[in-house]
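Please treat every number below as a calculation from the coordinates, not as lab data. None of these values were measured; they are calculated from a predicted model. Note that we place each Cβ from the backbone using ideal geometry, even for glycine, and neighbour counts take in every protein chain shown.
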Amino acid sequence: TGFTMEGFPSFGAWVTYALGSENQDLPAFVAINDPRGLARSGKNNFGNGFLPAAFQGTDFNAKNPPANLRRPKGYSAADDRATAEYLKRLNGKHLDRYPGDADLAARIASYELAGQMQVSVPDMMDLSGEPESIHKEYGTDTGTELKREYAKNCILARKLLEKGVRVVQLFNGSDPAGGNGITNWDSHSKISETHAMQAEIMDQPTAALIHDMKRRGMLDDTLVVWATEFGRMPFLQGNGTGRDHNPDAFTCFLAGAGVKKGHSYGTSDRFGAKAEKDPTSVYDFNATILHLLGLDHERLSYYHNGLERRLTNVHGHVIRDVLA
């Protein structure tokens with residue numbers, strides 16, 4: 001969202017608000033959550049904030065498809081269509097009485113999309129049609145169960161992008177935190193052990209996803225953003241086995257459309273404690289991503305509570321050194 005407070009639109013919500021959807025059968029914005037659960041702050045990570053509700057992300061993953069898409073037993077396709085049409089008429093009459101109700105408009109749109117998803121999603125969720133070489137490349141049948149599930153999520157992400165989903169947000173790590181480094185990367189203890197475990201989950205599938213997208217030509221017009229909210233301190237905590245949060249120096253990377261290949265921007269001090277050369281704010285980062293998507297971060301705004309709100313607030317500049 002670019003803000004520490006809740007209630008602001010997520011990045012994906014801003015992008016779908018600006019660019020809309022490229023298909024009628026799937027959501028424009030999908031959040032693929034970790035099989036362990038939602039990340040810290042839950043649905044705020046892919047929420048619409050003060051934007052119309054239609055722009056919130058739809059969350060599911062390879063293990064847990066969207067709920068309630070299958071018809072109840074004994075309920076025919078004709079029954080389903082008749083019910084949907086009846087609801088559409090009722091909601092339409094209600095919308096006529098309360099024009100401009102964004103929540104109601106979003107609900108009507110969600111019913112219509114759900115009908116399309118009854119056909120499109122089962123095929124999307126079925127990974128059995130992927131060649132054995134793809135499963136081997138991503139690692140869906142090797143390593144821990146968490147690694148296998150994350151690998152399946154990566155394949156699902158690629159399939160969604162191929163079908164024209166505008167934004168796919170892929171999570172690694174979940175809440176609750178607690179600093180044990182088991183559910184996520186928040187290793188306040190046993191960092192060597194727990195980071196090795198988390199890296200084993202992420203490394204092969206993430207690399208495979210980028211390589212697979214490149215091989216298919218998808219990186220020509222798709223931007224991959226690998227990011228985190230902060231790094232770790234360069235020294236151990238008092239317990240001698242973990243490291244505290246470090247918001248002043250950490251790494252993100254971009255790959256794909258419009259980005260220089262093999263280019264590094266910015267450096268930290270020799271301890272890795274603080275950004276030293278070309279420090280980058282979250283506003284600069286988001287402004288650059290929006291630019292790569294063809295959007296001007298200073299013009300993308302939404303009027304809310306007397307202000308023209310922006311993803312980049314009143315800050316940010318495009319980091320042109322990373323542009324191809």
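Computed quantities for the displayed model
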{"quantity": "Peptide ranges 66-75, 216-225, 279-288 listed from the most packed, as the mean C-beta count within 10 angstrom indicates", "calculated": "279-288, 216-225, 66-75"}
{"quantity": "Relative counts (whole %) of C-alpha pair distances in region 48-166, using bins that are 10 Å wide", "calculated": "11, 32, 29, 19, 7, 1"}
{"quantity": "Per-residue Cβ neighbour rank within 10 angstrom, fewest leading, THR206, THR83, THR194", "calculated": "THR83, THR206, THR194"}
{"quantity": "Unsatisfied cross-links (Cα-Cα over 18 Å) in the set LYS63/LYS159; LYS147/LYS190; LYS214/LYS260", "calculated": "LYS147/LYS190"}
{"quantity": "Helix 102-125 axis, angle to the chain major axis (alpha carbon atoms, nearest 10°)", "calculated": "80"}
{"quantity": "Point-to-point label distance, ASP123-ASP269, nm (Cα→Cβ direction, 7 Å offset)", "calculated": "5.7"}
{"quantity": "Spin-label pair LYS277/TYR303, simplified geometry with 7 Å Cα→Cβ offset, distance in nm", "calculated": "4.7"}
{"quantity": "Calculated FRET efficiency for the pair ARG320/ASP203, C-beta based, R₀ 22 Å, to 0.05", "calculated": "0.10"}
{"quantity": "Zone of MET5's modelled label, taken as backbone nitrogen in region 285-324 under 19 Å from a point 7 Å along Cα→Cβ", "calculated": "301-316"}
{"quantity": "Label zone at LYS261 (point 7 Å along Cα-to-Cβ), backbone N below 18 Å, region 290-324", "calculated": "322-324"}
{"quantity": "3J(HN,Hα) from dihedral phi, region 283-297, Karplus parametrisation 6.51/-1.76/1.60, rounded to Hz, x for glycine, proline", "calculated": "5, 4, 4, 5, 4, 5, 5, 4, 4, 5, 8, x, 10, 8, 5"}
{"quantity": "Three-way shape label, region 125-196, alpha-carbon gyration tensor, a/c 1.5", "calculated": "oblate"}
{"quantity": "Fewest-first ranking of SER268, SER21, using other Cβ atoms within 10 Å as the exposure measure", "calculated": "SER21, SER268"}
{"quantity": "For GLY231, residues with placed amide H under 5 Å, excluding near neighbours", "calculated": "ASN246, ASP248, ALA249"}
